[in-house]
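Bear in mind that the values in this text are calculations on the coordinates, not laboratory data. Source: prediction; values computed, not measured. All Cβ positions, glycine included, derive from the backbone under ideal geometry; neighbour counts span all protein chains shown.
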Amino acid sequence: MKKQIVASALALVTLTAAGCSSGEKQAVAPSEKAGRSVESKAEHAVQNQAQYAAPSSAMDRTVAKRSAPAPAGSYNGMHFKNYGTNPAVDAAEDHLSTFAADVDTGSYSVMRNYITRGSLPPADAVRVEEFINYFPLSYEPPAKDAFAIHTDGGPSPFRPGYDLLRIGIKGKEIAVTNRKPANLVFVIDISGSMNQENRLELVKKSLRVLVDQLEEKDKVGIVVYGSKGRKLLDPTSAQNKAAIIESLDYLLPEGSTNAEEGLRLGYEMAAQAFSPDAINRVILCSDGVANVGETTAEGILSTIERYAGEGITLSTFGFGMGNYNDVLMEQLADKGDGTYSYIDTFSEARRVFTEALTGTLQTIAHDAKIQVEFDPKAVETYRLLGYENRDVADEDFRNDRVDGGEIGAGHTVTALYEIKRKRPEAEKLGTVRVRYKDEKTSQAKEVAEPMAIGKTLQREVQFLASVAEFAEMLRGSEWAEGSSLKKVADLAEKTATGEQQLEFVRLVKDALALRGS
C-alpha cells in the first residue's frame, strides 16, 4: 500500500512544483439495463492499472464521459486525484473485503469550502469515506480491547432491493488527565502563497486554539519555512504558553516554498526532544505546495518514513483554496502514520483542536486493517462505499509488514456496504475482523464480531446514507445515477441531530440550489 502512495506522491509533488495538474485514475462502475454489473476485485484492479498507464489523451476522453454533477468553481492549482469507484463484487467469487482504517476528514471540509463559496467541488475532491467519518457516532467504547466492533443495517433508502450494512469501530477512550505528555513540533508554511486569503492568519488562530488546550506536561517547538527553513522556537514547556503564542503572533508570509527543508528541520527538532514515554508528533500546516529545494517527493517521503519508523508521527493540516495540493497533504499524513484534516474555518479548527484533541494527538493502534468476510449463502453481492485508496489485498490482512491506518484515542471509524441478500430473511451475514499493532507493545492483535442486519435502518444510519449518497452524487458515480439531491436533503433533514449534522443539511440544500436537481 505504501508503495502505491509513494508513487502517487512522487508524481504529485513534481507536478505541483511545475504548476501542472495530476494524472487521474477514473471510476469503474459500469451499469446494465436491468441493474448494476458485478466485477471481481481483480478485474477492477486490472482496469484501474490500465487507466493509470493510459496516455493523457485517452484519460481526457475518459474524463469527458464521466457522470459529472455540474461545473465546479474555478480555482487555479487545486490538485486532487480520482482513485476510481469500488465495484459490486459477487460474494460467491470473492467473499473477503479488506481495507485500511481511515479517520481522515479533509475531503468533507474541502467540499464545504467549495459550496460555501458558491460552487460544487470537483468530482476528484470527493472521498466518500471521509464524508462519512466526518461525523463521529456514539458507539459504545470497548470494555478491555483497543476496539469495539458494532454492526447493523437495513433496507437502503436510495436503492430498492438493496440493504445498507454499517460497520462501526470505536477506539478506547483516554481521559485528558491520562493522556501521555505531548512533544509537538509545529512546521509552518510562511511562503508567499500563505498570504492569499489570510491563510497564515487562520493557521496562527488555529494553533493558538491547540496551544490553549495543552497541559503543563506538554512541549511545543516551532519551525517555519519560506525560501528557507529555520528553527523559530526550541521545544518550550506549555507552562510558558505566552512565549509559544508570541512566536506565532510574529509570523509573516515571505518567499518561496521549501517544504522539504522545513520538514527536515522539524523532524530533527522532534528527534532531539524525543521521549519514548511521550507523544512525539510533527504538525504540518501548509497549502501543500513545494517549489524550491527538494521539489520531488523522494527526499520528503524518505524522511517521513524513516522518522515514522522511529516513533515520530506526522499530522497534516491543509489551508487555502487555489494553489492547494490535497493529494500530497493526505498522503504525507498517511506516510507519516498520522491524520489529515483541512481547516477551512475557525470553527473547524476548534472542532479538531478542542473537541477531538486527545484523539488527534494520542494513537492507540498502528496499522489497523479491517477485513469483512461475507457468507456467500446469505449475501449475493456487496460494494464498499469509499475507501478506494485504502484497499488492502485480502491475503495481506495478517501480513503485519503491510501498512494499515492509525487510530487515535476515542476515534470512531465507520464503513458502509451496499449489499444484496440472497434471501430477505437472511440476517446473519458473516464476520468482521480488525487487526492492529498494539501501541505499547507493537504486537499484532485481532478482534472479531459476527455481522447481523435488521428489518429497519436506524436513524443515524439513515443520516449516514444521505451523506454517502451526497458524496456519490458529487463525484459523479454511476451508482448514484437517477438519485435526487432533493431526496438526499429530505432524508438528511428528517434524521439530522446536532449542529454538525444540521450544517450538512444546509450544505445539501445549497448544492441543490447550485445544481438544480
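If you average over every viewing direction, what projected area does the convex hull of the Cα atoms of region 161-261 give, in nm²?
It is 10.4 nm².
Starting at the first residue of region 200-207, write each ³J(HN,Hα) from the Karplus equation 6.51 cos²θ - 1.76 cosθ + 1.60 with θ = phi - 60°, in whole Hz, x for Gly and Pro.
For region 200-207, the Karplus curve yields 5, 5, 5, 4, 4, 5, 5, 6 Hz.
Within 10 Å of each residue's Cβ, count the other Cβ atoms and sort Ile174, Ile188 from fewest upward. Intermediate values should be presented prior to the final figure.
Values: Ile174 17, Ile188 26.
Going from least to most buried by this count: Ile174, Ile188.
Once the Cα gyration tensor of region 342-431 is diagonalised, what are the square roots of 5 times its eigenvalues, in whole Å and ordered largest first, as equivalent ellipsoid semi-axes? Numbers along the way, then the final one.
Working: eigenvalues 206, 66, 28 Å².
They are 32, 18, 12 Å, listed from largest to smallest.
Can you list residues from other chains, or at least 5 along the same chain, whose modelled amide H is less than 5 Å from the amide H of Val289?
Result for Val289 returns Asn325.
In nm, to one decimal, how far is the Glu254 label point from the Thr354 one, both placed 7 Å along Cα→Cβ?
Label at Glu254, label at Thr354, 3.2 nm between them.
Please rank Arg350, Arg435, Arg117, fewest neighbouring Cβ atoms within 10 Å first, as an exposure proxy. Please report the intermediate quantities before stating the final value.
Numbers: Arg350 16, Arg435 22, Arg117 11.
Listing Arg350, Arg435, Arg117 from fewest to most nearby Cβ atoms yields Arg117, Arg350, Arg435.
Would you please report the Å³ per residue occupied by the convex hull of the alpha carbon atoms in region 86-158?
Details: hull volume 12.6 nm³, N = 73.
Normalising the Cα hull of region 86-158 by residue number yields 172 Å³.
So how far apart, in nm, are the two label points at Phe346 and Val176 if each is 7 Å from Cα heading toward Cβ?
The answer from the label model is 2.0 nm.
With the cut-off at 1.5 for a/c, could you classify region 139-195 from its C-alpha gyration tensor as rounded, prolate or oblate?
Numbers: a/c = 5.67, a/b = 1.48, b/c = 3.84.
Oblate, since a/c reaches 1.5 and b/c is not below a/b.
Going by amide H atoms built from the backbone, whose H comes under 5 Å of the H on Gly386, apart from near neighbours?
Close amide H contacts, sequence-distant or interchain: Asn86.
Run down the aspartates and glutamates and flag those whose C-alpha is under 13 Å from the C-alpha of Lys217, throwing out any fewer than 8 positions away in its chain.
Asp277
Take the Cβ-Cβ distance between Ser227 and Glu201 as r, set R0 to 25 Å, and report the resulting FRET efficiency rounded to the nearest 0.05. Don't skip to the end; give the middle numbers.
On the way: r = 21 Å, r/R0 = 0.82.
Working from the Cβ atoms, E equals 0.75.
Cα-based Rg (one decimal) and Dmax (whole number) for region 461-515, in Å?
10.4, 31
Express in nm, to one decimal, how much length is gained between Asp234 and Arg506 on full extension, taking 0.36 nm for each residue of separation and deducting their alpha carbon distance. Walk me through the numbers before you get to the answer.
Values: separation 272, 0.36 × 272 = 97.92 nm, distance 4.39 nm.
93.5 nm is the gain from fully extending Asp234 to Arg506.
In whole Hz, what ³J(HN,Hα) sequence does region 235-241 give by Karplus (6.51, -1.76, 1.60; θ = phi - 60°), x for Gly and Pro?
Those phi angles translate into x, 10, 4, 5, 5, 10, 4 Hz.
Using a basic spin-label model with each label point 7 Å from the Cα along Cα→Cβ, how many nm lie between His150 and Glu446?
Inter-label distance under the simple model: 2.5 nm.
Tell me which of Gln462, Val508, Gly476 sits at the most positive position along the dipole axis of region 461-515, charges placed on C-beta atoms (Lys, Arg +1; Asp, Glu -1).
Val508
Would you mind ranking Thr116, Thr98 so that the residue whose beta carbon has the fewest other beta carbons within 10 Å leads the list?
On the way: Thr116 13, Thr98 24.
Going from sparsest to densest Cβ surroundings: Thr116, Thr98.
Can you work out ³J(HN,Hα) from phi for every residue in region 404-421, in order, using Karplus 6.51 cos²θ - 1.76 cosθ + 1.60 and θ = phi - 60°, giving whole Hz and x for Gly and Pro?
Those phi angles translate into x, x, 9, 10, x, 4, x, 5, 10, 10, 10, 10, 10, 10, 9, 10, 10, 7 Hz.
Considering region 176-361, what Rg and Dmax in Å follow from its alpha-carbon atoms?
14.7, 42
So what's the net charge close to Ile149: Lys and Arg +1, Asp and Glu -1, counting the other residues with Cβ under 10 Å from its Cβ? Show your work: numbers first, answer last.
Numbers: positive: Lys170, Arg433; negative: Asp145, Glu449.
It works out to a net charge of 0.
Using DSSP to define loop residues, name the GluC sites (Glu not before Pro) in region 190-280 whose beta-carbon has at most 16 other beta-carbon atoms within 10 Å.
Numbers: sites: Glu197, Glu201, Glu215, Glu216, Glu246, Glu254, Glu260, Glu261, Glu268; in loops: Glu215, Glu216, Glu254.
Of the GluC sites (Glu not before Pro), the ones in loops of region 190-280 whose Cβ has at most 16 other Cβ atoms within 10 Å are Glu215, Glu216, Glu254.
List, largest first, the extents of the alpha carbons of region 320-381 along their principal axes, each in whole Å.
Principal-axis extents of region 320-381 (Cα, largest first): 50, 30, 24 Å.
What length, rounded to one decimal in nm, is gained on full extension from Glu246 through to Asp212, with 0.36 nm per residue of separation minus their alpha-carbon distance?
Details: separation 34, 0.36 × 34 = 12.24 nm, distance 1.28 nm.
Gain on extension, Glu246 to Asp212, equals 11.0 nm.
Find the Rg to Rh ratio for region 281-390, where Rh is the Kirkwood radius over alpha-carbon pairs and Rg uses the same atoms. Mind dumping the intermediate values first?
Numbers: Rg = 17.2 Å, Rh = 16.2 Å.
The Rg/Rh ratio comes out at 1.06.
Long-range amide H contacts for Gly338: which residues qualify at under 5 Å (H placed 1.01 Å from N, peptide plane, sequence gap of 5 or more or a different chain)?
Leu314
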